[in-house]
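K.L.:
Submitted below is the structure of interest, expressed as structure tokens.
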Amino acid sequence: MKTCGIIGGMSWESTLTYYKIINEEINKKLGSLHSAKIILYSVDFEEIAAQQREGNWQGSAEILSTAAKSLEKAGADFALIATNTMHKVADEVKKAVNIPLLDIRDAVIEKIKKDNIKKVLLLGTKFTMEDDFYKNYLQKSGIEVEVPNEKDRDLIHKVIFNELCLGITKNSSKENFLNIIEKSSADGVILGCTEIGLLIKKEDTDKKIYDTTEIHAKKAVQLML
């Protein structure tokens, strides 16, 4: 079994989910008392969030690059960033280490293409929905990407940072998210923030749901085995 290095803590709520899924999948595939070989570097999310607000992506890239280097030195065979938004600096992190970085966008694209879905609605932080690093990455693979209108983007962003990152799930927020999903013309929905899966489940809508946390974690298990 290979050792997976996780750069987590953004937020730790979703990092918990990564740890749980990876261990469950390893045990499901290997049986007995098998569990996952994981090295976790958990950052202080407030430092990252402050830099996001300031637009200091270089500072964030340096923090995550340091984390990736630490994981490499500790013996990780590959690393992953357990958040969608911080893939804005994925290229810088990849350059900082000699081990592979498992990009969440590649894992999501692979899943969407396997399902033959042509158009997706992208939900996430405003950085993920509005910047090009995520949308363009998908569009280069032939996937049409729709994002919510400005009012809905603001709502989603606030729920992520003021509720989900703090472990708070409200029925009213779930209803708002589902309303945004249902009025979309897309066939699939990317939960492009690793916390949204705490609120929206696959059974909540008839549209195809792509939970990036689950997809990323299960792809990590494939690499580990």
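The values are calculated or read from the model by the stated rules, or taken from the named source; none is laboratory data. If you're wondering where the values come from, they're calculated on a predicted model, not measured in any experiment. Every residue, glycine as well, gets a Cβ built from its backbone with ideal geometry; the counts of neighbours run over all protein chains shown.
K.L.:
Take Asn84 and decide whether it is within 16 Å of Gly8 (Cα to Cα), touching a residue at least 12 places away in the same chain (Cβ under 8 Å) and among the polar types (S, T, N, Q). Even if it seems obvious, please write down each step before you answer.
P.N.:
Details: within 16 Å of Gly8 (Cα to Cα): yes; touching a residue at least 12 places away in the same chain (Cβ under 8 Å): yes; among the polar types (S, T, N, Q): yes.
Against the criterion (within 16 Å of Gly8 (Cα to Cα), touching a residue at least 12 places away in the same chain (Cβ under 8 Å) and among the polar types (S, T, N, Q)), Asn84 qualifies.
K.L.:
Just give me the residues in region 14-39 being touching a Gly at 6+ places or on another chain (Cβ under 6 Å) and crowded, with 19+ Cβ neighbours inside 10 Å, in sequence order. Can you show your working first?
P.N.:
Our first condition is that a residue be touching a Gly at 6+ places or on another chain (Cβ under 6 Å); within region 14-39, this holds for 15, 39.
The answer is Thr15, and nothing else.
K.L.:
Does region 134-146 contain at least one residue that is free of Cβ contacts under 8 Å to residues at least 24 places away in the same chain, of a type in the set (Asp, Glu) and more than 20 Å from Ser14 (Cα to Cα)?
P.N.:
So far as region 134-146 goes, no, none of its residues is free of Cβ contacts under 8 Å to residues at least 24 places away in the same chain, of a type in the set (Asp, Glu) and more than 20 Å from Ser14 (Cα to Cα).
K.L.:
Could you grab me the full set of residues in region 201-219 that are within 21 Å of Thr15 (Cα to Cα), in contact with a strand residue (DSSP E or B) (Cβ under 6 Å, 6 or more places away or on another chain) and touching a residue at least 60 places away in the same chain (Cβ under 8 Å)?
P.N.:
Taking region 201-219 as the starting set, the residues that turn out to be within 21 Å of Thr15 (Cα to Cα) are 201-202, 209-219.
From what is left, the residues that are in contact with a strand residue (DSSP E or B) (Cβ under 6 Å, 6 or more places away or on another chain) are 202, 209-212.
Residues satisfying the conditions are Tyr210, Thr212.
K.L.:
Looking only at region 112-133, how many residues end up being among the basic types (Lys, Arg) and free of Cβ contacts under 8 Å to residues at least 60 places away in the same chain?
P.N.:
Let us first name the residues in region 112-133 that are among the basic types (Lys, Arg), namely 113-114, 118-119, 126.
Checking the rest, the ones that are also free of Cβ contacts under 8 Å to residues at least 60 places away in the same chain come to 113-114, 126.
Summing the residues that are among the basic types (Lys, Arg) and free of Cβ contacts under 8 Å to residues at least 60 places away in the same chain in region 112-133 gives 3.
K.L.:
Which of the residues that make up region 171-199 are more than 24 Å from Tyr137 (Cα to Cα) and touching a Lys or Arg at 6+ places or on another chain (Cβ under 7 Å)?
P.N.:
Of everything in region 171-199, just one residue is more than 24 Å from Tyr137 (Cα to Cα) and touching a Lys or Arg at 6+ places or on another chain (Cβ under 7 Å), namely Leu199.
K.L.:
Restricting attention to region 97-113, which residues are touching a helix residue (DSSP H, G or I) at 6+ places or on another chain (Cβ under 7 Å) and either crowded, with 17+ Cβ neighbours inside 10 Å or β-branched (Val, Ile, Thr) (or both)? Let's see the steps before the verdict.
P.N.:
Going residue by residue through region 97-113, those that are touching a helix residue (DSSP H, G or I) at 6+ places or on another chain (Cβ under 7 Å) are 97-99, 101-105, 107-109, 111.
Passing the criteria: Val97, Ile99, Leu101, Leu102, Asp103, Ile104, Arg105, Ala107, Val108, Ile109, Lys111.
K.L.:
Which one of Ala186, Ala220 is in the same structural domain as Leu16 (by TED's automatic domain parsing), within 27 Å of Gln52 (Cβ to Cβ) and not hydroxyl-bearing (Ser, Thr, Tyr)? Let's see the steps before the verdict.
P.N.:
On the way: Ala186 fails: in the same structural domain as Leu16 (by TED's automatic domain parsing).
Result of the check over Ala186, Ala220: Ala220.
K.L.:
Is it the case that some residue within region 103-111 is over 26 Å from Lys208 (Cα atoms) and free of Cβ contacts under 8 Å to residues at least 24 places away in the same chain?
P.N.:
Looking through region 103-111, none of the residues is over 26 Å from Lys208 (Cα atoms) and free of Cβ contacts under 8 Å to residues at least 24 places away in the same chain.
K.L.:
What's the number of the condition Leu138 fails, among (1) at pLDDT 95 or above; (2) over 23 Å from Asp91 (Cβ atoms)?
P.N.:
Status for Leu138: all satisfied but (2).
K.L.:
To continue, here is another question. Please enumerate the residues belonging to region 13-44 that are at pLDDT below 95 and under 20 Å from Ala90 (Cβ atoms). Explain how you work it out, then say what you get.
P.N.:
First, the residues of region 13-44 that are at pLDDT below 95: 13-14.
Hit for region 13-44 is Ser14, nothing else.
K.L.:
Just give me the residues in region 114-142 being touching a Phe, Trp or Tyr at 6+ places or on another chain (Cβ under 9 Å) and either under 28 Å from Ile63 (Cα atoms) or crowded, with 21+ Cβ neighbours inside 10 Å (or both), in sequence order. Please lay out each step first, then the result.
P.N.:
Initial filter on region 114-142 (touching a Phe, Trp or Tyr at 6+ places or on another chain (Cβ under 9 Å)): 115, 117, 120, 122-125, 127-128, 133-134.
If the condition is that a residue be touching a Phe, Trp or Tyr at 6+ places or on another chain (Cβ under 9 Å) and either under 28 Å from Ile63 (Cα atoms) or crowded, with 21+ Cβ neighbours inside 10 Å (or both), then Val120, Leu122, Leu123, Gly124, Thr125, Phe127, Thr128, Phe133, Tyr134 are the ones that fit.
K.L.:
Looking at region 205-224 only, could you name the residues that are farther than 26 Å from Pro100 by Cα and buried (at least 16 other Cβ atoms within 10 Å of the Cβ)? Show your work before the answer.
P.N.:
Within region 205-224, the subset farther than 26 Å from Pro100 by Cα is 205-209.
Within region 205-224, Lys207, Lys208, Ile209 qualify.
K.L.:
Can you pull out the residues in region 147-175 that are without any contact (Cβ under 8 Å) to a residue 24 or more places away in the chain, farther than 26 Å from Gly8 by Cα and not charged (D, E, K, R)?
P.N.:
Once the filter is applied, which keeps residues that are without any contact (Cβ under 8 Å) to a residue 24 or more places away in the chain, farther than 26 Å from Gly8 by Cα and not charged (D, E, K, R), region 147-175 yields Asn149, Asn171, Ser172.
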